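Bear in mind that the values in this text are calculations on the coordinates, not laboratory data. Computed from a predicted structure; not experimentally measured. Every residue, glycine as well, gets a Cβ built from its backbone with ideal geometry; the counts of neighbours run over all protein chains shown.
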Amino acid sequence: MAEVKPIKGNAAPAAKAASGAYTPSSVSPNRRARRSYTIRLWSVRHSRALEWFYARFANTFLFLHPLWKKLGYARVERPVTFVERNVKGLLFDCRMCGQCVLSSTGMSCPMNCPKQLRNGPCGGVRANGNCEVEPDMPCVWVQAWAGSRNMVHGEAIMKVQKPVNQSLRETSSWLRVTAEAAEARDTLSKDAKA
Ligand code: SF4
């Protein structure tokens, strides 16, 4: 008889859940890969350095605004989105909501919350700081608070976030923030001249 290999991760509970069989409450039916948590948690631990880096990165993108404008924001959207998805996917387990709030959430992406809460945790955080829906996953909002405590502008976590605009999904936050910053800068300089 062929040897039955033990199934690791979510495969066994997911199959059980799909069959309608009893699944113990301590087992997540949609457990994410633990290595994603590892990198995600690393990003939270290094939130201050990432905040510093992002400020410079955003300035560079703004500096390149004439180039983006010349090429056409619409035309560069696709390649920039590709890079953004992969870089932020690796570092933050980014879900490409298109309206990034990492700078206000201690570098912990709130879209990893199974309830996609953008303004703090639900009431179900476990005593060990993990999620009630995915018991193996550290609550993204517990992490967000920890990350924000390391950041220079960590108080931004108190800012109330708007509901997610679903029409911006899979678009580049980097480009949108750049276009908005360039517009605000141009308006300011026009007002100053008037
Ligand atoms: S907040 Fe949105 S854009 Fe930012 S990392 Fe999370 S899913 Fe990605």
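The single condition from (1) more than 16 Å from Val177 (Cβ to Cβ); (2) more than 9 Å from the ligand (Cβ to nearest atom) that Phe57 fails is (1). Scanning the stretch 154-194 for residues that are outside any helix (DSSP H, G or I) and acidic (Asp, Glu) yields one hit, Glu170.
Can you spot a residue in the stretch 160-179 that is more than 18 Å from the chain's Cα centre (by Cα) and acidic (Asp, Glu)? No: zero hits.
Listed by position, the helices (runs of 4 or more DSSP H) inside the stretch 45-153 whose residues that are closer than 20 Å to Val164 by Cα number at least 2 are 73-92, 140-150. Specify the residue that is nearest to the ligand (Cβ to nearest atom); the eligible residues are those in the stretch 112-133 that are touching a residue at least 24 places away in the same chain (Cβ under 8 Å) and within 18 Å of Ile39 (Cα to Cα). Among residues in the stretch 112-133 that are touching a residue at least 24 places away in the same chain (Cβ under 8 Å) and within 18 Å of Ile39 (Cα to Cα), the one nearest to the ligand (Cβ to nearest atom) is Asn112.
Taking the conditions (1) buried (at least 19 other Cβ atoms within 10 Å of the Cβ); (2) within 11 Å of the ligand (Cβ to nearest atom) in turn, Arg85 satisfies each one other than (1).
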